[in-house]
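Notes to accompany the following structure.
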């Protein structure tokens, strides 16, 4: 099969209206396309959205990968950033990276109205300097118009990187980042064994203030980090082996203080990457998946000490992957997943639940191969989903996808 390459990535923007009775689980639920938009940028042939955040003036900032093949070579990924207004029109778009893979994972707004994205980079040229070997964590600070203010790499001589939902802004203006590291040198002070969970606190200019490693003798990975009420953080992770801190492998949620002491930790059943978010009552909501054969989605509501208040499983016919979860202004939640029929054809899965986890509705979207990655609620109650759309013909072409849903 010959791979045919064009010179554009298409960013699809769709506005869908969600017509339902929000509090009535028995009501029929239908989604229709109200507006469809496309946006083009000369940055590559393949796009994949990784992060979507609401920022100033009810605008959105999205971060994804864009790649193109040069002279038939294996495509290299660059970072693709787009700012959208509340009508999902593009305000500006920018590309960043070097000659090797630069894989953005998340983007957040900053106190000065700019943006900070977190990526894993194998490059040591272009917009990246001082890669210490293999792959490093890469942070790039942008102003309101997408111009670079500073660029920093963090790591050692081995592979260091980040996953999705790996950064948050502290009340003091600093940032907390969680990644993983196999290094024992460079910026990494302590190594436990295998891949470790690596937490960095940096100031507004990207300088390291403090760092800590967590894990076991096996390979340990963070899925997501969020703030706790005590100026520490809560991490959703996968621990590779048992030790004195984590007495069995698997999915763990733990709360650590800024001094590195673990305040509490809880083990949860789960097989795939998940997400954890703060809730308005001071606790947390976790979206994960269980069941090796079906990959059912599972939701856990925990209090501020990690104790489970309720949990729910949502079985479907296909393999479901957890992507994101948000708490709405009315206290209900929306779950975002990807449903895969195991023939590489995916659909976006949206599930609405109430404050106790009872299902209000579920809906699938996708006439092609689509996946969802991020979900946000706008000021007017509209729900926006960011994802990826792939077209399978004589070759596979993927593009960034944005969906707008109205919630009643």
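The values are calculated or read from the model by the stated rules, or taken from the named source; none is laboratory data. Fair warning: this is a prediction, and the values are worked out from it, not measured in the lab. As a convention, Cβ positions derive from the backbone with ideal geometry for all residues, glycine included, and neighbour counts pool all protein chains shown.
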Has the range 374-385 got any residue that is at pLDDT below 95, more than 21 Å from the chain's Cα centre (by Cα), under 28 Å from residue 58 (Cβ atoms) and crowded, with 19+ Cβ neighbours inside 10 Å? no
Residue by residue through the range 52-88, note down the ones that are part of a loop (DSSP other than H, G, I, E, B), more than 21 Å from residue 119 (Cβ to Cβ) and either in contact with a helix residue (DSSP H, G or I) (Cβ under 7 Å, 6 or more places away or on another chain) or modelled with pLDDT of 90 or more (or both). 59, 85, 86
Does the range 156-181 hold any residues that are part of a loop (DSSP other than H, G, I, E, B) and closer than 30 Å to residue 325 by Cα, and which are they? 162, 163, 164, 165, 166, 170, 171, 172, 173, 174
Restricting to the range 222-237, name every residue that is at pLDDT below 95 and buried (at least 17 other Cβ atoms within 10 Å of the Cβ). 228, 232
Consider only pairs whose beta carbons are under 8 Å apart and that are at least six residues apart or on different chains; among these, list those whose first residue lies in the range 241-259 and is free of Cβ contacts under 8 Å to residues at least 24 places away in the same chain and on the phi < 0 side of the Ramachandran plot and whose second residue is crowded, with 17+ Cβ neighbours inside 10 Å and not in a strand (DSSP E or B). 252/246
